[in-house]
2 protein chains.
Amino acid sequence: MATKGQRGERRAGALSKERIVEAAIEILDAEGGGALTFRALTARLETGSGAIYWHVANKDELLAAATGEIIDRAMAEAVGGAEPREAIRTIALGIFDAIDAHPWVGAQLPREPWQAAMMRIFEGIGGRLQALGVPERARFDCASALVNYILGVAGQNAANARVFAGEVDRTAYLTAIAERWAQHDPAQFPFVRQVAAQLGEHDDREQFLAGIDLILAGIAAVSRPDDK
Amino acid sequence: MATKGQRGERRAGALSKERIVEAAIEILDAEGGGALTFRALTARLETGSGAIYWHVANKDELLAAATGEIIDRAMAEAVGGAEPREAIRTIALGIFDAIDAHPWVGAQLPREPWQAAMMRIFEGIGGRLQALGVPERARFDCASALVNYILGVAGQNAANARVFAGEVDRTAYLTAIAERWAQHDPAQFPFVRQVAAQLGEHDDREQFLAGIDLILAGIAAVSRPDDK
DNA sequence: GGCCGTCTTGGAGCGGCGTTCCAGCCATGC
DNA sequence: GCATGGCTGGAACGCCGCTCCAAGACGGCC
């Protein structure tokens, strides 16, 4: 009993999965998705790769754990007994903001289907759909639509962050993109050209929310009792 | 004039970007996203890596070209002067089926934002929104919602394909997943548990289309003239 | 036909990655 | 105090993307 059970720390600065995941998140946040290597981890934790592999099976597990950690934090903040429609928007925005702050999560999230992080999101959204009065048969499809939309935006944001990494001025970059789009044959790409003009002044977060509202409106339309 | 201009083939079995992309697609289709290496390419094309790098800048460009090729084919098949709502569904299904046949595309598509492949999809969908009568201000948001949803599903399908790669029986795997989900604390994951029962009998393609219809319903609701 | 300059090729080699393996350290139970 | 086994640090392996370069192939010119 003196040692606080079997799993007491055997050494002061002992390694643990938690410490490793924490260090991985720090590296990912500071230097981007490509910078996480076991060599960088050993340097930061002042240890060897063998020690890390004792706690973590491989890089995929490490990335899954780091992703889960970020999503769990975001979902924990997004709780609240609000009205279900508002709760779904809050959860979605929470994930959006988490990915905005940790873009590498956007690239990892789609890679680990059926994992804990995805389940949390799915549960959070699906539960509110029930509260919203969506009939049981449609709930799976509706939750799937919302989650897939969120994952799509997540992936795009991660990709954008990768591109913007070297750029100081996001607006300048978007303007350059818009020009490139605008240059394309207007006859072949009329819509893209039209949208290019709006690229500069648009707000990713607002557009994300507009998409959520669009799907929610569709859900409301489909689950109205007079429907069918 | 005898040599058909500057860029005539200088050798019979000459290398070209087209041949390299074609070989890359064959490898990706046959052995999955992780199997495409320059060494595998050199073996299949019976050449050296230097020769390949003469035609292709790097692996990213090669993957972008391969992805663009698949998407271009899918978009070309999805043309047709149908009613706009139906046209959007056709385009979406075309992309879904293309990714179903070439799962690696689902992983690549979100990685290359603002590229030719994405532009094609965006243009195809955005143009039909115009025809649908969606007001100009909302068109960008609506197209973005549809495209992001498609990208989200694409990523999930790619991830699933990666998991299923070793599995012969998809249904058995899904049942195993469902069981794992069902085992989770019902108090904490009631929705997930409920959905787990439906996992076995659900059809990815139908669910994808249901999501498209959901968003289209939302677009219809938002762009009704009596709105606002 | 012979030569030359350019385009194209094949392969050796470099640095870095994820992962494995193992000799030894050290807190603990006897 | 000493054996035990959880835990550590680092060397080594095979594979990767990519660079570099000597040499081959070819069209144009005399």
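Things to note:
- Restricting the range A:189-215 to residues that are more than 7 Å from every other protein chain (Cβ to nearest Cβ) and in contact (Cβ under 8 Å) with a residue 40 or more places away in the chain, the residue that is surrounded by the most Cβ atoms within 10 Å (Cβ to Cβ): A:F208
- Extreme residue, nearest to DNA strand C (Cβ to nearest atom), among residues of the range A:30-48 that are open to solvent by 40 Å² or more (accessible area, probe 1.4 Å) and either in contact with a Cys (Cβ under 8 Å, 6 or more places away or on another chain) or not in a loop (DSSP other than H, G, I, E, B) (or both): A:R39
Conditions tested, residue by residue: (1) free of Cβ contacts under 8 Å to residues at least 24 places away in the same chain; (2) within 15 Å of DNA strand C (Cβ to nearest atom); (3) part of a helix (DSSP H, G or I).
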{"residue": "B:R19", "(1), (2), (3)": "no, yes, yes"}
{"residue": "B:A23", "(1), (2), (3)": "yes, yes, yes"}
{"residue": "B:E26", "(1), (2), (3)": "yes, no, yes"}
{"residue": "B:G50", "(1), (2), (3)": "yes, yes, yes"}
{"residue": "B:W54", "(1), (2), (3)": "no, yes, yes"}
{"residue": "B:L63", "(1), (2), (3)": "no, no, yes"}
{"residue": "B:A66", "(1), (2), (3)": "no, no, yes"}
{"residue": "B:E69", "(1), (2), (3)": "no, no, yes"}
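- Filter result for A:R73 (open to solvent by 60 Å² or more (accessible area, probe 1.4 Å), within 16 Å of DNA strand D (Cβ to nearest atom), at pLDDT 95 or above and assigned to a helix (DSSP H, G or I)): no
- Selection count, the range B:3-33, where residues are modelled with pLDDT of 95 or more and either in contact with a strand residue (DSSP E or B) (Cβ under 7 Å, 6 or more places away or on another chain) or within 9 Å of DNA strand D (Cβ to nearest atom) (or both): 0
- Unique residue being more than 8 Å from every other protein chain (Cβ to nearest Cβ), under 21 Å from A:P103 (Cβ atoms) and polar (S, T, N, Q) when the list is A:N157, A:N148: A:N157
- Condition met for A:R180 (at pLDDT below 85, over 18 Å from the mean Cα position of the chain (by Cα) and more than 7 Å from chain B (Cβ to nearest Cβ)): yes
The values are calculated or read from the model by the stated rules, or taken from the named source; none is laboratory data. Quick caveat: nothing in here was measured; it's all calculated off a predicted structure. Ideal geometry is used to build each Cβ from the backbone, glycine not excepted, and the neighbour counts take in all protein chains shown. Note: accessible area is taken over every heavy atom of the protein model, side chains too, but ligands, DNA and RNA are not part of it. Shrake-Rupley method; radii C 1.70, N 1.55, O 1.52, S 1.80 Å.
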